[in-house]
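J.: Starting off with a structure, shown below.
The values are calculated or read from the model by the stated rules, or taken from the named source; none is laboratory data. Only a predicted model underlies this, so the values are computations on that prediction, with no experimental measurement involved. We place every Cβ from the backbone using ideal geometry, glycine too, and count neighbours over all the protein chains shown.
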Amino acid sequence: MTTDLLNRVVRHRVAAVLAFLLLFPLVMPYEALAINILIFGLYAVGFNLLFGYTGMLSFGHAAFLGVGSYLCGIAIVSGGWPWWAAVFAGVAASALVGLVMGFLAIRTRGIYFSMVTLALAQIVYYGFYKAERWTGGENGLRGIRVETIDLLGWKLDFLNPITKYYVILVFVAAALWFVSRVLNSPFGAVIEAIRENEKRAAACGFDVARAKLLVFVLSAAVCGLAGALRALHLSIVPIDSLHYLQSGQAVMMCLLGGMGTFFGPFVGAGVFLYLEDVATAFTTHWMAAVGVIFMVFVLFFPQGVWGSILFWLNRRAAPRALQ
Amino acid sequence: MSGAILEVENVTQRFGKFVALNRVSVAFQPGKLTAIIGPNGAGKSTFFNVVSGAFAPTQGRIRFQGRDITGLAQHEFARIGIAKSFQITNVFKQLSAHENVRVAAQMRESRFELLRPRAGMKALMAKADTLLERVGLAALRDKTAADLAHGQQRALEIAMALASEPVLLLMDEPTAGMSPEETGVMMQLITELAAERTVVLVEHKMKLVMGLCERLIVLHHGEFLAEGTPEEIRNNADVRRVYLGQE
């Protein structure tokens, strides 16, 4: 019975996640936190495509979050584009940056790959920092005003946080559906094969370099979407979006939630941001608290919060399935 | 040497100053079961890596079915019909036996489709099951590869190589580390496989290849030493000297 239910949830994982996310704002202390978790959940899912599923640890994913944010913001502030076109601009720009960064980085492996992505992301940071005329430099990009969203004549108040949550959820849902489809596709099998054994994947007839580049670009695009949505949400783009600490956050969220699981990174993002929210009320050194919890997980629950729950459910369900 | 399926011409492989292969030329006839033998350090594995595309030779050419394939990328080798089973077991450890074979088989059907659900690829599922049956792993299809016994991993290795529908199957010490019973089963399987396609083995167990193969090629210190039927090789003075000198 439990296995049945579990299998059904796994098979319809996108629907299950959406059902949860539809009700999610109700259990959060305030909507802005729920929106933040939605956006960073997507960011971590995009990162996990590369890290958890393909086995490539990037330290440069802030570049994609940041470029997505900035290009969406610039399109609105300087270009006067409609908000939805600006979101697409952010995604496209991130994918393009991903193509260039990926092209250079996939020539290396392991720690070298991580270092190259870090270095390239720092170049992007510096570029946006210096392009003050467009990006606002140190002060960040301000004035991304999206007050109403026009949906075929139906005007939605985007300043209302609950409306904002559900508008953003539409994009996040589409992206999650896309990621799930990719993971279930033949290509999804190829990237997992590359993670398990790159040489063997090549010997099986798969062009490893091409597959890595493609998954890198997909990952960048998903993270770019998260960035673009964040620009709409915050109505500013802080320069910190491109900072390497932001790249580190993706790694932490993934590990905390459970890398290589579909929903794990989302859970990781939720736990991380919720802890931050709770801990900042007591101390400005909230990172110390999060750090301790992070260490506990890495040391004692290496599968992460979600990974451990799945493991526990599977183990409970397995003996019954045998009967 | 016309009609050969694989021709190796004057192949030299250097690693820095070390010469692993020195101007080796051999040809493999289609449909034959051939073994490459030689004492340790003879260059067997290097030879195998060169003809299976793991790296391009320093000098020389390789021709497959008349086509020059020297320097072709590793993934192209599987596509043109050359598959290799590895000496050190080289499977996708965290995937199930069935998934391992399915991924390998998928190469012929789909490599870069992003949105098609692979659960719907029924032919692929069936093909993986047939191959697992063939190597005697049908009962273990859902087991994680890492949890299989050594001999079973070797069998899985061969199912994966077969999944790409090779014209030429290269097997690097297929019985390495196997028990006598497992070795017997594997030899039986090799004989069956060789009836359908060209098979080349690398092996250092002389007794095993003598009874199994139609042609033998002997390498020694990275150089070609002799070629012939098991009988000819057994009576070859050079080969006897090399092996007796060693033992």
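J.: If you check B:G38 against the conditions, is it more than 30 Å from B:K143 (Cβ to Cβ) and touching a helix residue (DSSP H, G or I) at 6+ places or on another chain (Cβ under 8 Å)?
T.: Answer is yes for this residue.
J.: Right, next: Only one of A:L21, A:L6, A:L50, A:L42 is in a helix (DSSP H, G or I), in contact (Cβ under 8 Å) with a residue 40 or more places away in the chain and either of a type in the set (D, E, K, R) or closer than 19 Å to A:D240 by Cβ (or both). Can you tell me which?
T.: One residue alone meets the criteria, A:L42.
J.: Please go through the range B:108-141 and pick out each residue that is touching a residue at least 40 places away in the same chain (Cβ under 8 Å) and either of a type in the set (G, A, S) or surrounded by 21 or more Cβ atoms within 10 Å (Cβ to Cβ) (or both).
T.: B:V135, B:G136, B:L137 - these are the residues of the range B:108-141 that are touching a residue at least 40 places away in the same chain (Cβ under 8 Å) and either of a type in the set (G, A, S) or surrounded by 21 or more Cβ atoms within 10 Å (Cβ to Cβ) (or both).
J.: Across the range A:76-128, what is the total count of residues that are among the hydroxyl-bearing types (S, T, Y), touching a residue at least 24 places away in the same chain (Cβ under 8 Å) and in contact with a helix residue (DSSP H, G or I) (Cβ under 6 Å, 6 or more places away or on another chain)?
T.: So the count comes out to 3.
J.: State whether the residues of the range A:159-172 include one that is modelled with pLDDT of 90 or more, touching an Asp or Glu at 6+ places or on another chain (Cβ under 8 Å) and buried (at least 19 other Cβ atoms within 10 Å of the Cβ).
T.: yes
J.: For residues that are more than 10 Å from chain B (Cβ to nearest Cβ) and in contact with a strand residue (DSSP E or B) (Cβ under 7 Å, 6 or more places away or on another chain), tally how many sit in the range A:150-204.
T.: 6
J.: Considering only the range B:86-104, how many residues are more than 9 Å from every other protein chain (Cβ to nearest Cβ) and modelled with pLDDT of 90 or more?
T.: Counting residues in the range B:86-104 that are more than 9 Å from every other protein chain (Cβ to nearest Cβ) and modelled with pLDDT of 90 or more gives 4.
J.: Restrict the check to the range A:73-96 and report whether at least one residue is under 16 Å from the mean Cα position of the chain (by Cα), of a type in the set (S, T, N, Q) and either surrounded by 24 or more Cβ atoms within 10 Å (Cβ to Cβ) or within 15 Å of A:V217 (Cα to Cα) (or both).
T.: Yes: the range A:73-96 contains one or more residues that are under 16 Å from the mean Cα position of the chain (by Cα), of a type in the set (S, T, N, Q) and either surrounded by 24 or more Cβ atoms within 10 Å (Cβ to Cβ) or within 15 Å of A:V217 (Cα to Cα) (or both).
J.: Can you name every residue in the range A:205-214 that is more than 8 Å from chain B (Cβ to nearest Cβ) and either closer than 17 Å to B:M121 by Cβ or surrounded by 22 or more Cβ atoms within 10 Å (Cβ to Cβ) (or both)?
T.: Result: A:K212, single match.
J.: Now for a separate question. What residue, of A:G73, A:G90, A:G68, is in contact with a strand residue (DSSP E or B) (Cβ under 9 Å, 6 or more places away or on another chain), part of a helix (DSSP H, G or I) and closer than 19 Å to A:R142 by Cα? So that I can check it myself, show each step before the final result.
T.: Values: A:G90 fails: in contact with a strand residue (DSSP E or B) (Cβ under 9 Å, 6 or more places away or on another chain); A:G68 fails: in contact with a strand residue (DSSP E or B) (Cβ under 9 Å, 6 or more places away or on another chain).
Matching residue, one of A:G73, A:G90, A:G68: A:G73.
J.: Determine if the range A:256-276 includes at least one residue that is acidic (D, E), without any contact (Cβ under 8 Å) to a residue 24 or more places away in the chain and in a helix (DSSP H, G or I). Let's see the steps before the verdict.
T.: Going through the range A:256-276, the residues acidic (D, E) turn out to be A:276.
Then drop every residue that is not without any contact (Cβ under 8 Å) to a residue 24 or more places away in the chain, which leaves A:276.
Applying the additional criterion that residues be in a helix (DSSP H, G or I) yields A:276.
Scanning the range A:256-276, I find at least one residue that is acidic (D, E), without any contact (Cβ under 8 Å) to a residue 24 or more places away in the chain and in a helix (DSSP H, G or I), so the answer is yes.
J.: Looking only at the range B:39-51, decide whether some residue is closer than 18 Å to A:R200 by Cβ, within 18 Å of the chain's Cα centre (by Cα), at the interface with chain A (Cβ under 10 Å from one of its Cβ atoms) and crowded, with 23+ Cβ neighbours inside 10 Å.
T.: No: the range B:39-51 contains no residue that is closer than 18 Å to A:R200 by Cβ, within 18 Å of the chain's Cα centre (by Cα), at the interface with chain A (Cβ under 10 Å from one of its Cβ atoms) and crowded, with 23+ Cβ neighbours inside 10 Å.
J.: Could you list, in sequence order, the residues of the range B:53-82 that are under 26 Å from B:A176 (Cα atoms) and in contact with an Asp or Glu (Cβ under 8 Å, 6 or more places away or on another chain)?
T.: Within the range B:53-82, B:G53, B:H75, B:G81 qualify.
J.: Tell me yes or no: at least one residue of the range B:60-68 is part of a loop (DSSP other than H, G, I, E, B) and either out of contact with any His (no Cβ under 9 Å at 6 or more places or on another chain) or buried (at least 20 other Cβ atoms within 10 Å of the Cβ) (or both).
T.: Yes - at least one qualifying residue is present in the range B:60-68.
J.: Separate question: Within the range B:69-82, how many residues turn out to be in contact with a Pro (Cβ under 9 Å, 6 or more places away or on another chain) and outside any helix (DSSP H, G or I)? Steps first, answer last, please.
T.: Of the residues in the range B:69-82, the ones in contact with a Pro (Cβ under 9 Å, 6 or more places away or on another chain) are B:70-71, B:78, B:81-82.
Still in the running and outside any helix (DSSP H, G or I): B:70-71, B:81-82.
Residues meeting the conditions: 4.
Yes/no matrix, rows are residues, columns are (1) among the basic types (K, R); (2) touching a helix residue (DSSP H, G or I) at 6+ places or on another chain (Cβ under 7 Å):
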site	(1), (2)
B:M187	no, yes
B:A195	no, no
B:V199	no, yes
B:H204	no, no
B:K207	yes, no
B:L216	no, yes
B:G222	no, no
B:G228	no, no
B:N236	no, no
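J.: Being within 14 Å of chain A (Cβ to nearest Cβ) and of a type outside the set (D, E, K, R) is true for just one of B:A27, B:A78, B:A35. Which residue is that?
T.: One residue alone meets the criteria, B:A78.
J.: Determine if the range A:217-232 includes at least one residue that is part of a helix (DSSP H, G or I), touching a residue at least 12 places away in the same chain (Cβ under 8 Å) and within 10 Å of another protein chain (Cβ to nearest Cβ). Reasoning before the result, please.
T.: Filtering the range A:217-232 for residues part of a helix (DSSP H, G or I) gives A:217-232.
When the remaining residues are screened for being touching a residue at least 12 places away in the same chain (Cβ under 8 Å), the result is A:217-232.
Filter again for within 10 Å of another protein chain (Cβ to nearest Cβ), leaving A:218.
Yes, there is a match, as at least one residue in the range A:217-232 is part of a helix (DSSP H, G or I), touching a residue at least 12 places away in the same chain (Cβ under 8 Å) and within 10 Å of another protein chain (Cβ to nearest Cβ).
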